[in-house]
Each structure stands twice: as structure tokens, then as C-alpha cells.
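What follows is one structure encoded as C-alpha cells, with my remarks underneath.
What follows draws every value from the coordinates through simple rules; no lab data is involved. What you are looking at is a predicted structure, and each value in this text was computed from that prediction instead of being measured. Positions of Cβ are backbone-derived with ideal geometry, glycine not excepted, and every protein chain shown enters the neighbour counts.
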Amino acid sequence: MNPNLNLWLIPVLPLAGAAINGFLGKKSSRTAVSTIGLVFPGAAFLWAVTAAWRALSMPLPYQEYLAHWIRSGSFVVDFAFYLDHLSLVMMLVVTGVGFLIHIYSVGYMWDDPSYYRFFTYLNLFMFFMLTLVLANNYLLMFIGWEGVGLASYLLIGFWFTKDSAASAGKKAFIVNRIGDFGFLIGLFLIIQHFQSLNFVQVFEKVSPMATETSGAGLLTAIGILLMVGACGKSAQIPLYVWLPDAMEGPTPVSALIHAATMVTAGVYMVSRSHVIFEHAPTALTVVAIIGTLTALFAATIGVTQTDIKKVLAYSTVSQLGYMFIACGVGAFSAGIFHLMTHAFFKGLLFLGAGSVIHSVGGEQDMRKMGGLRTYIPVTFTVMLIATAAIAGIPPLAGFWSKDEILWKAYQANPAYWVIGAITAFITSFYMFRLLFMTFLGDYKGIQVDDHGQAHTTHGHGDHGHGEPHESPWVMLGPLVVLAILSLVGGLVGIRNGFEHFLDPVFGSEFPKAIAEAGNTEWLLMGISVLFSFTGLVLAYVLYVSKPYLPGKIAASLGAFYNAVLNKYYVDEIYAKLFVKPLIDGSTTVLWQGVDRKVIDDSINNAADGAQHVSDNVRHMQSGNLRSYAGWIACGAAVVIAYMVWLGVGR
Amino acid sequence: MVPLSYYLVLSGILFACGVTGFLIKRNIITIFMSIELMLNGVNLSFVAFAAHWHVLAGQVFVFFVMVVAAAEAAVGLAIIIAVYRTRETLNVDQVNLLKL
């Protein structure tokens, strides 16, 4: 008999924190709110570490039954948790990075009037994310899936008095619904054909099925529908548009939800369903193509953005594309590896960007920064580490995971590798561009008097900023921890260590390839490292040594540059193609037509008619005795006439 | 022997006269008399059928009806006198306190 790990505590602890802060936080002091908001996720992290430690010495997967939920005939869905190597990694990443970002938020959000609300939502998010990760069936996973969507909506629209924040929240929510629609239909198909949503049972039934090598069958359909869901949550083409707008939320939210954890839920879901995908090569190809296109597409947009958080947002979309490339070529463990390292360095980048924004008083435009290296040296150092990590410079975290993905992609199809390597070059370029624009050169920012506006809109109004100043240590601490993780986090991937750790989940893929991993792998690694450094050098040339060049290049590219600058007009195209027809159709047909004319009018007419008829009939009941007598006489006459008619008829 | 139909037609005419009087007259006493006329029209048809079919039930019914009519006359006239004393009118249309 297995020992009981009490996994249920891990999601429930943050929920308790959310409940306490949500109900009592308004009247509590900031210190009390931060204590509650930190202790519960912290306890969840400690418990997760303990559980992981104990789990490693017992046979995995471990299942834990908490309570029964739906039992309809043989169809059973329970509140039950499932821990294998995959969910173990996810659990540790979510609680670990999540806890660090909670600490950071104490410093970042301290002056916000809705301080308690922020921690309530953040803890609520942790609860749902851990439910998603630890669920043992698709339905419980879906609860977490929708829950993180809700938390994301609440946090993007955290400063809901700002119009752009409120509509960004709505956009995220609505775009995600489209993805969820596909996910749900996929689940219905699974229920219909496998009579279960339990991971173990579904995969047991899928395993003996034949691989759908040619054409599209049931598993291909399920796979593609699940991928639609993943596209929504993980911001892939064509549903990525919500993520850049989501940067309207507070920066810790962007770090936690829109970089490190929630957006990787799609990758996790696809990896979790790897049995289905492995039996449907067509669906896998779809995943790989979507991932490749997204990686390249988002990276090119990232080059032209000037808002520091927008650059990071497009970079996130692009990196998520990498993870999907990995999933699409069947290298799920490489995808999860990149997910983990990405959580470290992208979380760090966002928190670092938050620290930068904090130090310059709420300014997000990189053109108004520059030269910050001397003002905020700690932030600069950690940002440098994170940038090098994402750019894939060895031996930092991003290098190992990205190289793993590119190598696996090359084995599947060199075309993926080519696009992936180009993307790596662009990534390196725009990340160093961000770094140089922000930290090198001269400070181009405005002084204290002028940015009162920026202050109030970003919620930390009462800071006195003479010149940029370093953030408090409560913010820098998490940065340093994440920087260390970004430095060494990739080392677990040496000699495929991380991959072998996940082997019990995914099986050992590419057994042959590992054996012959010789010169080609080294060559490819060399090329991608070369690409990274080229990106670095190019960024240095363009933004440090010859800062007049970017404008010239932009001018010479003309229309193409404008298209990229305007994000390829995707938002505008969506607005024309989908949003406007939908709004117009809803207004004229559904609102004015159906709702007003059919539903409202039928009810109003029925009411009017009833009133009209009653008004007329009312006169029968006049209170006049003789008129009653008259009606009786008439009635009698009718009855007699009827009887006579009957008599005649006979 | 007078045929049954004669009695029935006369009974119908009497009843119709009663109904008409009830409907068109406003004086309570006239209405009251119209009711008596209707009762008697019915009585006539009862006895006519009783004689025709040689069944006594019809005669018995007539006695009942006459008893009820007498009681009704006693009560009704008392009410009419009470109404006249309080309202000083015998016009039914003006006795409408309960009407909305």
C-alpha cells in the first residue's frame, strides 16, 4: 500500500489563502494581507517539495482519491489527483516560480489601493493552476483550465478603471472561449468513444488502437480539437492575439500567468495527452506547423515593438511556439524541459522588466529608457543573465532546452530546424535590443515632475522619483533566485538527464537517434550558438554603436516594416473579419431582430391582447342585475336552440 | 280533450312573458310579479304533463313550487318594503350600493 501524500493540500492551501484574503482582506492591514498571501502559497510550495521528495522513492504514477463527483452508470469522474514525473515537474515549477512571484508582488504592488484583491486573485490562480496540473481526469483539468482563465481575466483587468485594461481582460476571456470550445468538443468525443475521462483509462483504451498513419480518424480529430484548446490557452496562431494585450495587467501577473505558468497549460495538456497524439501523426504535424509558424511570426513582431512588456509578450508567444514544435515532433520531454527553463528566464525577464518600470516611475516605452545600467545594477545583472538564457547562449538554461528542441526538430524534418534556428537568431536579436535600449546609452527618460500621469495609471503614485532608483530587496530577492535558476536550470538537461527523468511518462523516444547523436548534433548546436551570437552582435551594432542605423533600415523596408510594426494588421483583420460582422449581426439580427421584434414583441403583444380582451369582457360583469339575467336568458336560449337542433338532427 | 301542445305553448308564452318582464322592467314589484309568472308558467307545464302521462309526481312538484313561491313572496315582499324604507325608491337600477 502506498503512503498517502496528501496531494490535495497543494491546491487547497492557496485556495484557503484566497478565501481569507478575499473575505477579510479589505479591512486588514497590508502586512496581514501579505502574510496570508505569502504563507499559504509558500506552504503549498513546501508541501509540493516534500511530496516530490517522497514520491521519488515510490512507484509512480501515484493516484489520490479525494471525493467522488459525477457517477452516472459506468461513467465516473472523481475529485482525484494524479502524480507522475510530468505533473511533478509542473507542480514544482508552478509552486516554486509562483511563490517567488508572490514575494516580488509584495514590493511591486505595495502602494496599490486594491492590495488585498491582488493577492486574493493571485492565490486563486495558484489554486486553479495546481488543480489543472494535478488532476487525474480531463474534467477536473478543465475546471482548472477555466479557473486559470477566470483568474487571468480578473488580473488582466485588475486596473479595471482603465478602459484598455478592461477590454484586454474581455479579449483574453473571449478568445480563450474559442479555444475552450474545441477542447470541450474533444472531451465529448473522448467520452463518447472511451466512456471515460480518466487519463489512465482513456490512454489504456487508446494504446492498442492502430496509429492513424494515413487520413484522419477519431484520434486525429480529438488531437486537433485538443490542440485548438491549447492554441487558445497557450496563445498560438490563430488565437495568440489576446496575450500581447494581456500586458495591461500588473507586471507580476504577466510574469506568473502570461509567461511562466498559465500559458504553458496548453503545452502541458498536449504532453499529457501524448498517447492520443502519438497515435495521430496528422494531429502532431498540425501541432508542429502551428508551433513553427507561431515561433517565427511572433519573433518578427517582437523586433519592432517598443513597449518593454510587449516585446516580452511576443517573445513568450514565440517561445511557446518552440514548445509546440517539440510536442509536434514527438519530443514531449524536450517541450516540458523548455517549459521549465522558460518559466525561469521569462519569469525573470518579466519581473526584471517590472523592476525597470518600477524604477522609472511606470514608463514602459523603451525609447524613453536607456542608460539604466548605472542606476539599477542588480536588475541589470539579472536581466543580462535572463537575456543570455533566452537567447540560447551556453551554458545558460535556454541554451540546453532550445538546443534539445532544435535537434529533435531536425530529426523530424529539417524544415522545422531551419525556421527554428532563424527564430533563435531573431530571438537573440530582439532580446539584446531590449537589453541595450533599456540599459545602455544615455538615460532618455523624463524627470519626476512630468510623470505624475504615468504614476497614477500604474498604481504606485506616491513614489518620489528624482532619477531611476533600484527596487527594494523584496523584489530583488526573487530576481536573484530566478537568475540562479536561469543560470543552472539547464544543467539538468546534460546527457539527456531531464529527458530520462520523464521517460516513465513519455517512453524513450528516438532510441536510435540518441545512439547516433554525434557530429550532426554538435554541428547544429554550433550553428544555433553562432546564430545567437550573431543576433547579439547585430543588436549591439544597431542599438549601441550605430544607433542611427535602425531608422534607415526601417525606412528602406517601407511597407513591410509598417506591416510588422502594426503586428501584421492581425488585430485589424480579425476586427474586420470576425468582430465587426459578429457585432453587426448581433445588433441587427439578434438584438433588433430576434430579441426586440420576436421575443419582446410577442410578449408585449400577448400582454396587450390579454388586456384588450379583458377590457372588453369586463363589461359583461357590470353589476347590473338585469344584464346578468339577460345573459342567463341568452345562455338558456342557446342551450335550447342546441337541444332543438339535436332533436331535429335525429 | 285539449291537446298537450296547447298547454305547453301557453306555458311557454307565460314563461316568455315573465322573462321579458323581468328583463325590461325596473320596478322591483313588477319584476317580482314577473318571477311569479315564470313560476306559474312552469307549473302549468308540470300539471299538463302530469295529466297527460297520468303520473302524480308532476302535481306534487307543483305543490312544492307553490310552497316555495309563497315563502319567496313573504320574504321578497319584506325585503322590498325594507328597501323602499331605506332607499325611497323601487327602481332596481338605483339599488346598486354593492356595484363598483
For region A:538-581, which chymotrypsin sites (Phe, Trp or Tyr not before Pro) are in a loop by DSSP, counting at most 15 other Cβ atoms within 10 Å? A:Tyr548
Stretchable slack from A:Ser57 to A:Arg367, in nm (0.36 nm times residue separation minus alpha-carbon distance): 106.3 nm
Taking the Cα centre of region A:276-404 as origin, work out the dipole magnitude from +1 charges on Lys and Arg Cβ and -1 charges on Asp and Glu Cβ, in debye rounded to 20. 340 debye
If the label point is 7 Å along Cα→Cβ of A:Leu150, which residues in region A:1-25 have backbone nitrogen under 18 Å from it? A:11-24
In region A:178-259, which chymotrypsin sites (Phe, Trp or Tyr not before Pro) are in a loop and have at most 16 other Cβ atoms within 10 Å, using DSSP for the loop call? none
Principal axis extents for region A:1-117, Cα atoms only, whole Å, descending order, please. 51, 35, 19
For region A:381-439, rounded, prolate or oblate, judged on the Cα gyration tensor with a ≥ b ≥ c (square roots of eigenvalues), a/c < 1.5 rounded, else prolate if a/b > b/c? oblate
Using a 10 Å cut-off around each Cβ, can you sort A:Met383, A:Met369 from fewest to most neighbouring Cβ atoms? A:Met369, A:Met383
Say R0 is 45 Å: what FRET efficiency, to the nearest 0.05, do A:Ala641 and B:Thr86 get from their beta-carbon distance? 0.60
Subset of A:Lys171/A:Lys309; A:Lys162/A:Lys309; A:Lys162/A:Lys576; A:Lys309/A:Lys567 violating a 22 Å alpha-carbon distance limit: A:Lys162/A:Lys576
Pop out the ³J(HN,Hα) list for region A:278-288 in order, Karplus 6.51 cos²θ - 1.76 cosθ + 1.60 with θ = phi - 60°, rounded to Hz; leave Gly and Pro as x. 5, 8, 9, x, 4, 4, 4, 4, 4, 4, 5
Show the residues, 5+ positions off or on another chain, whose built amide H is closer than 5 Å to the amide H of A:Leu66. A:Phe79, A:Ala80, A:Phe81
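State to the nearest 20 debye the size of the charge dipole of chain A about its Cα centre, where the only charges are +1 on K and R beta carbons and -1 on D and E beta carbons.
It works out to roughly 600 debye.
In this model, which of A:Lys346/A:Lys368; A:Lys368/A:Lys408; A:Lys346/A:Lys408; A:Lys170/A:Lys546 are farther than 31 Å apart at the alpha-carbon?
On the way: A:Lys346/A:Lys368 23 Å; A:Lys368/A:Lys408 41 Å; A:Lys346/A:Lys408 22 Å; A:Lys170/A:Lys546 42 Å.
Distance filter (> 31 Å) returns A:Lys368/A:Lys408; A:Lys170/A:Lys546.
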Please list, by residue number, everything in region A:403-445 whose backbone N is under 19 Å from a paramagnetic label point 7 Å out along Cα→Cβ of A:Ser545. A:428-442
Loop only per DSSP, at most 11 neighbouring Cβ atoms within 10 Å: give me the trypsin sites (Lys or Arg not before Pro) in chain B, ordered by residue number. B:Lys99
If contacts are Cα pairs under 8 angstrom and at least 6 residues apart, what is the relative contact order of chain A in percent? 12 percent
For A:Asn137, distant residues with modelled amide H under 5 Å away: A:Phe199
For A:His279, A:His274, order by how many other beta-carbon atoms lie within 10 Å, fewest first: A:His274, A:His279
Whole-Å distance linking the alpha carbon centroid of region A:525-554 with that of region A:132-168 is 38 Å
Two pseudo-spin positions, 7 Å from Cα along C-beta at A:Ala563 and at A:Ile70, lie apart in nanometres by 4.5 nm
Work out how much length A:Lys580 to A:Val613 would gain on full extension: take 0.36 nm times their residue separation and subtract the Cα-Cα distance, in nm to one decimal. 7.5 nm
Estimate the FRET efficiency between A:Thr50 and A:Lys26 by the formula 1/(1 + (r/R0)^6), using the beta-carbon distance for r and 25 Å for R0, to the nearest 0.05. 0.15
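What does the C-alpha gyration tensor say about the overall shape of region A:250-322? Classify as rounded when a/c is under 1.5, otherwise prolate if a/b is larger than b/c, or oblate.
Details: a/c = 5.83, a/b = 1.64, b/c = 3.56.
Cα axes put region A:250-322 in the oblate bin.
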Grab the Cα-Cα distance for A:His500 and A:Asp111, subtract it from 0.36 nm times how many residues apart they are, and report the gain in nm with one decimal. 135.4 nm
Return the FRET efficiency for the residue pair A:Lys205, B:Ala70: r is the Cβ-Cβ distance, R0 is 56 Å, and the value is rounded to the nearest 0.05. 0.05
Just to be sure I understand: with springs between alpha-carbon atoms less than 10 Å apart, which residue in B:Leu90, B:Leu44, B:Leu14 has the highest mean-square fluctuation in the Gaussian network model of chain B? B:Leu90
Near-label residues of region B:3-33 by backbone N, under 20 Å of a point 7 Å along Cα→Cβ of B:Val95: B:18-33
For peptide B:89-97, the mean count of other chain Cβ atoms within 10 Å per residue Cβ is 1
Inter-part distance where region A:1-33 and region B:1-36 are each reduced to a Cα centre, Å: 92 Å
From the phi of every residue in region A:46-52, what ³J(HN,Hα) in whole Hz does the Karplus formula 6.51 cos²θ - 1.76 cosθ + 1.60 yield, where θ is phi - 60° and glycine or proline is x? 4, 5, 5, 5, 4, 4, 5
